[in-house]
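Structure first, then comments.
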Amino acid sequence: GWSGDDSKFAVSSGVLRLNAPAATSQAYLSTPNLSIDHASWEFYVMMDQSPTTGNYAKVYLVSDQADITGSLNGYYVGIGNALDEIALYRQTGIPSTKIINGTDGTLLASPIEVKIKVTRDDLGNWELFTDVGLTSTYTSEGTVSDNSHLSSSYFGILCVYTSLRSDEIYFDDF
């Protein structure tokens, strides 16, 4: 099962939704997951408004810690930032490094609906795919070879939000 800030999330019609008190904060959920070799991760994300530097999400594909808010070793998909993009990051301790730089400006619509897929083979070759606007066609955002972290213990989602947007991020189809 999932653990973390479960009081800040709700499930309605089978969709996981951020449903936190109106405050500037963050919320996470994680679940045990050992997948990393020959792995494929797919999920759906919707945001009522285009993300900002204070409102964005991270989906941790790989983490060695259940609490994904602090120091860990892993990989995550960043959804939104100053460049309004979807990108793949490696995190070692606290610092993160962008390893696949997604197309800038893909998240400028409101609302945003996107399906994301990431693959990794057993040699450490990663590929990030996006389907912005649910066209049923994935676009490759790039590939990278990265073997910095070779095992996983957890999968998780982290939402960073402001008080006005504490209930505007949705996830589905993990």
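The values are calculated or read from the model by the stated rules, or taken from the named source; none is laboratory data. A quick note: this is a predicted structure, and the numbers were derived from the prediction, not measured. Quick reminder, even Gly has a Cβ in these numbers, built from the backbone with ideal geometry, and neighbours come from all protein chains shown. Ligands, DNA and RNA are stripped out before the accessible areas are found, and what is left, the full protein with its side chains, is counted by its heavy atoms. Shrake-Rupley method; radii C 1.70, N 1.55, O 1.52, S 1.80 Å.
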Q. If you take just the strands (runs of 3 or more DSSP E) that sit entirely in the range 1-67, which of them hold at least 1 residues that are of a type in the set (S, T, N, Q) and within 22 Å of V132 (Cβ to Cβ)?
A. 39-47
Q | Only listed residue being at pLDDT 95 or above and part of a loop (DSSP other than H, G, I, E, B), chosen from T97, T137, T143, T119 | A | T137
Q. Among S50, S30, S63, which is the only one that is over 28 Å from L150 (Cβ atoms), polar (S, T, N, Q) and open to solvent by less than 30 Å² (accessible area, probe 1.4 Å)?
A. S50
Q) With respect to G105, is the statement that it is out of contact with any Lys or Arg (no Cβ under 9 Å at 6 or more places or on another chain) and either under 21 Å from G4 (Cβ atoms) or free of Cβ contacts under 8 Å to residues at least 60 places away in the same chain (or both) true? A) yes
Q: Filter the range 120-154 for residues that are open to solvent by less than 40 Å² (accessible area, probe 1.4 Å) and over 15 Å from Y44 (Cβ atoms) and give the result.
A: R120, G124, W126, L128, E141, G142, V144, D146, H149, S152
Q: Hey, can you tell me all the residues within the range 73-86 that are crowded, with 23+ Cβ neighbours inside 10 Å and either at negative phi or not in a loop (DSSP other than H, G, I, E, B) (or both)?
A: G74, Y75, Y76, V77, I79, I86
(Q) Looking only at residues that are in contact with a Ser or Thr (Cβ under 7 Å, 6 or more places away or on another chain) and β-branched (V, I, T) in the range 87-99, which one is least open to solvent (accessible area, probe 1.4 Å)? (A) T92
